[in-house]
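To keep things clear, I will list the structure first and then write my remarks on it.
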Amino acid sequence: MWSSIWPKRPDARVRFDLLPDGGGGTDLRWTLFLAEPLPEPALLGHMRKRLNQLINANLRFTFGQ
């Protein structure tokens, strides 16, 4: 579980789940949790995009992919 990366939304949490993929590997799933009131759709999309960059793109770059 990650604590919030947004000072204006200290309630935001990101949970990571590691699941077997059925072929000997592992799938990573992350879920963003927010308390009410939820942000406007545009801001929520921005939050999801930022997490996708931090988790997926930066992780791939770390391993040279």
Could you pull out the residue among ARG60, ARG15 that is open to solvent by 90 Å² or more (accessible area, probe 1.4 Å), of a type outside the set (Phe, Trp, Tyr) and in a helix (DSSP H, G or I)? ARG60
Among the numbered criteria (1) within 19 Å of ILE55 (Cβ to Cβ); (2) among the charged types (D, E, K, R); (3) more than 14 Å from the chain's Cα centre (by Cα), which single criterion is violated by LYS8? (1)
Taking the stretch 46-65, which residues are over 12 Å from the mean Cα position of the chain (by Cα) and either within 15 Å of TRP6 (Cα to Cα) or among the aromatic types (Phe, Trp, Tyr) (or both)? PHE61, PHE63
Find all pairs meeting these conditions: Cβ atoms under 9 angstrom apart; at least six residues apart or on different chains; first residue within the stretch 4-23 and without any contact (Cβ under 8 Å) to a residue 60 or more places away in the chain and of a type in the set (Phe, Trp, Tyr); second residue open to solvent by less than 90 Å² (accessible area, probe 1.4 Å) and assigned to a loop (DSSP other than H, G, I, E, B). TRP6/ALA12
Does the stretch 18-25 contain any residue that is in a loop (DSSP other than H, G, I, E, B), out of contact with any strand residue (DSSP E or B) (no Cβ under 8 Å at 6 or more places or on another chain), open to solvent by less than 50 Å² (accessible area, probe 1.4 Å) and modelled with pLDDT of 90 or more? yes
Considering (1) assigned to a loop (DSSP other than H, G, I, E, B); (2) of a type outside the set (Gly, Ala, Ser); (3) open to solvent by 80 Å² or more (accessible area, probe 1.4 Å); (4) in contact with a Leu (Cβ under 7 Å, 6 or more places away or on another chain), say which one LYS8 fails and leave the rest. (4)
Qualifying residues in the stretch 29-43 (those that are open to solvent by less than 80 Å² (accessible area, probe 1.4 Å) and among the aliphatic types (A, V, I, L, M)) - the one farthest from LEU54 (Cα to Cα): ALA35
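The values are calculated or read from the model by the stated rules, or taken from the named source; none is laboratory data. The shown structure was predicted, so the numbers you read here are calculated from the model rather than taken from an experiment. Note: ideal-geometry Cβ built from the backbone for every residue, glycine included; neighbour counts use all protein chains shown. The protein model used for the area step is the full one, side chains on, heavy atoms only, and it has no ligands, DNA or RNA in it. Shrake-Rupley method; radii C 1.70, N 1.55, O 1.52, S 1.80 Å.
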